[in-house]
Amino acid sequence: MYNVVILACVWLLLLAGCASQPYPPLPSDVPRLSADGGASQSVPRSALDKGDLSASAEASTAGARAREQQSAVAASASAPVSQVVNPLPPDPASLASAEKRQLDIRLAEQRFNYFEDDQLVWTGPISSGTPEHPTPRGKYLVQSKDINKRSGSYTNFFDRPTPMPYSLQFTGPYFVHEGYVTGQPESHGCVRLRHEDARFVYSRMRVGDRIVVAD
């Protein structure tokens, strides 16, 4: 009986000792996760105790807003080019005759700029040759025009010569013509314009007019 009482006292002392042990001290700062899940700046313990998180909330909101803007820019850059030209080019018949006409092809921008007497008349997106089949750079003159040109090298889905309407030949087998435009290099070297753009440029350009292809 005596031994039982002693053991009971020992257990009570041990339990009392464990219960009286203090918790480990809390750190002064608690790491906060940023909106993208990564570690961000710390929030002071005092701010947590007071419930004052306005500064950290504003920082998180600003970061989220910046990421949304970046996503919007990326989505805009990758948005498909509409094949509908809106607004339409000017009516060719409504324009005065010009002494000088020039078509500039800008490969880096994937755009064309059409000038008459050194004044910009019309502009739009293009699709030029890929790195494997580049569009040749240089200064050229229109060699020929063909409103119903068909490719002598490539065939379409129906195994027929690929249509190349409103073609302006500027060197060798390279033409500016109507085709599907993505705003990215897609062709085997020719320069594609959308239907309305190609028809307008074709109607105004003459054999001997300048075509400049540059970065």
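Each value in this text was obtained by applying a stated rule to the coordinates, not by laboratory testing. Everything numeric in this text was worked out from a predicted model, so none of it was measured. Positions of Cβ are generated from backbone atoms using ideal geometry, with glycine treated the same way; all protein chains shown enter the neighbour counts.
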Exercise. Stretched out fully, how many nm does the piece from Q143 to S94 gain, at 0.36 nm a residue minus the Cα gap?
Worked result: 15.1 nm
Problem set entry | Label-reachable residues, the stretch 197-215, where backbone N falls under 18 Å from a point 7 Å from A108's Cα toward its Cβ | 212-215
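Can you give the convex hull volume per residue for the Cα atoms of the stretch 92-214, as a whole number of Å³? Kindly include the intermediate steps, with their values, before the conclusion.
Working: hull volume 12.4 nm³, N = 123.
Measuring per residue, one finds 101 Å³ for the Cα hull of the stretch 92-214.
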Problem set entry | the stretch 159-170 - phi-based ³J(HN,Hα) in whole Hz, Karplus 6.51/-1.76/1.60, Gly and Pro as x | 6, 10, x, 4, x, 9, x, 6, 7, 10, 7, 10
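So between T130 and Q83, what do we pick up on full extension, going 0.36 nm a residue minus the alpha carbon distance? Intermediate values should be presented prior to the final figure.
Working: separation 47, 0.36 × 47 = 16.92 nm, distance 1.99 nm.
Full extension from T130 to Q83 adds 14.9 nm.
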Exercise. Tell me, in nm to one decimal, what length is gained between R210 and Q119 on full extension, where the rule is 0.36 nm per residue of separation less the Cα-Cα distance?
Worked result: 31.3 nm
For this session: Can you tell me the order of 106-119, 84-97 when each peptide is scored by its average per-residue count of other Cβ atoms within 10 angstrom, highest first?
Result: 106-119, 84-97
